[in-house]
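Engineer: Would you mind keeping the following structure in view while I ask a few things?
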Amino acid sequence: MRITVVGSGFVGQATAMRLVQRNLGEVVLIDIIEGLPQGLALDIRQSSPIVGFEPTIVGTNDYADTAGSDVVVITAGFPRQPGMSRMDLLGKNAGIVRSVVEQVVPRSPEAILIVVTNPLDEMTFLAAEVSGYPRDRVMGMAGVLDSARLRYFIAEELGVSPLDVEAMTLGSHGESMVPLPGRATVGGRPLTELVDEQTLERLYERTRDAGAEIVSLLKKGSAYYAPSASVAKMVESIVRNTEELLPVCAWVTGQYGIHDVYVGVPVRLSRSGVAEIVELDLTANELSALRAAAEGIRAKCSDLSKL
Ligand SMILES: NC(=O)c1ccc[n+]([C@@H]2O[C@H](COP(=O)([O-])OP(=O)(O)OC[C@H]3O[C@@H](n4cnc5c(N)ncnc54)[C@H](O)[C@@H]3O)[C@@H](O)[C@H]2O)c1
């Protein structure tokens, strides 16, 4: 498999390192800054004898080197900075994502696109529009990250290993995140039996604000270890056909009573992209929150036409 990571900033470089360390394929790291992806790739290759992986990673500024990619991860663009409005971020990153997709598509017509650049739902929709790819080959990363954060916060609260915690969030990042309390378990026991309603709400709130909490600590830049781990999980599921149920920003065509919009839903990934959107048995509240999130995203995507 050939995997291109566009953008060699914090998220892109951490993603590239995780992918090559897991021997998931040949990795091409690309950026507009001359020397940056080349230097990072060389540094990562030099760690291969110690860590133990095939040093199949190159850095480049030339899209010709991305030709024939099976998976393309798009991390190019600005993180939200203090004082930057959503429309400012939308405008700046829409221009970047559009130009990236226009350069990727002719060289890798069969690729699967995974969008990471924020604002995520809008950028995923834009990438799908510009690429002209079938929509099951264009998806966004948000739910794997939000679910991991929630699992971690539950584990921290209860003093257990995060590996013993299962939880999933759907919908969108932030305010429109839809947690599924009925499906969360700790060591196989329902979470709702272990914590009260107030604690649950506190954990959800912290998960919704998790990105902002990290930004306020870092002062400059935003999270990248958990985001890159989330992207690597999605790529691994595609490359190794793990059939694991993952929450992914995917194009929904009637599932959950939602039509023709990108929104976070449980999917199974395969080498052809989104192989299946799985319709879980949601409670009435969860279902209406998911539908509201989808309508919120539809409205936000319409802002793209105002740029
Ligand atoms: N979906 C998520 O859950 C999630 C999580 C974390 C970060 N993000 C988003 O990912 C994006 C990247 O974050 P980061 O921390 O890596 O930012 P960063 O500033 O460290 O890196 C961005 C990189 O993109 C490059 N770039 C800009 N224009 C480009 C172009 N046209 N072609 C190729 N490369 C280009 C820049 O040179 C820079 O190296 C941001 O939009 C951020 O908000 C999303």
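Engineer: Hey, with R₀ at 25 Å, roughly what FRET efficiency would Glu295 and Ser99 work out to, going by the Cβ-Cβ distance, to 0.05? Numbers along the way, then the final one.
Structural biologist: On the way: r = 30 Å, r/R0 = 1.18.
Computed FRET efficiency for Glu295 and Ser99 comes out at 0.25.
Engineer: Also, quick follow-up: Starting from the Cα gyration tensor of the range 1-40, multiply each eigenvalue by 5, take the square root, and state the resulting semi-axes largest first in whole Å.
Structural biologist: On the way: eigenvalues 57, 19, 12 Å².
Largest first, the range 1-40 gives 17, 10, 8 Å.
Engineer: Straight-line reach from Lys233: which aspartates and glutamates fall under 15 Å, measuring Cα to Cα and dropping same-chain residues less than 8 apart?
Structural biologist: The reachable aspartates and glutamates, counting only those whose Cα sits under 15 Å from Lys233, are Asp146, Glu243, Glu244.
Engineer: Run the simple label-point estimate for Thr199 and Glu213 please: 7 Å along Cα→C-beta, distance reported in nm.
Structural biologist: 1.6
Engineer: Now for a separate question. Mind checking which aspartates and glutamates have their Cα closer than 15 Å to the Cα of Lys306? Skip sequence neighbours fewer than 8 apart in that chain.
Structural biologist: Excluding near neighbours in sequence, the set is Asp88, Glu122.
Engineer: Nearest 500 deg cm²/dmol is fine: what mean residue ellipticity at 222 nm does the chain get from its DSSP H runs of n ≥ 4 alone, each adding -39,500 (n - 2.57), divided by its residue count? Don't skip to the answer; put the middle values down first.
Structural biologist: Details: 10 runs with 130 residues, N = 307.
The helix-only estimate for the chain comes to -13500 deg cm²/dmol at 222 nm.
Engineer: Which residues does the label zone of Glu129 cover in the range 83-97, counting backbone N under 14 Å from a point 7 Å along Cα→Cβ?
Structural biologist: Residues 90-97 qualify, since their backbone N sits under 14 Å from the label point.
Engineer: On to the next question. Mind checking the alpha-carbon convex hull of the range 27-86 and giving the volume per residue in Å³? Present the calculation step by step, with values, prior to reporting the outcome.
Structural biologist: Numbers: hull volume 7.7 nm³, N = 60.
It comes to 129 Å³ per residue, whole-number rounded.
Engineer: Once the cut-off is 19 Å, how many percent of the Cα-Cα pairs in the range 58-134 end up in the long-distance tail?
Structural biologist: Numbers: 995 of 2926 pairs.
Summing the P(r) tail past 19 Å for the range 58-134 gives 34 percent.
Engineer: Let me ask you something else. Pop the C-beta distance of Lys92 and Glu276 into the FRET formula with R0 = 35 Å and round what comes out to the nearest 0.05.
Structural biologist: Values: r = 35 Å, r/R0 = 0.99.
For R0 = 35 Å, the calculated efficiency reads 0.50.
Engineer: How do the peptides 115-126, 180-191 rank, highest first, by the average count of neighbouring beta carbon atoms within 10 Å per residue?
Structural biologist: Numbers: 115-126: 26.3, 180-191: 16.5.
Sorting 115-126, 180-191 by mean packing, highest first, produces 115-126, 180-191.
Engineer: Output needed for the range 94-250: three equivalent-ellipsoid semi-axes, defined as square roots of 5 times the C-alpha gyration tensor eigenvalues, in descending order, whole Å.
Structural biologist: Details: eigenvalues 192, 62, 33 Å².
Here the semi-axes work out to 31, 18, 13 Å.
None of the figures in this text is laboratory data; all of them are computed from the coordinates on show. Everything quoted here is computed from the prediction, not taken from an experiment. As a convention, Cβ positions derive from the backbone with ideal geometry for all residues, glycine included, and neighbour counts pool all protein chains shown.
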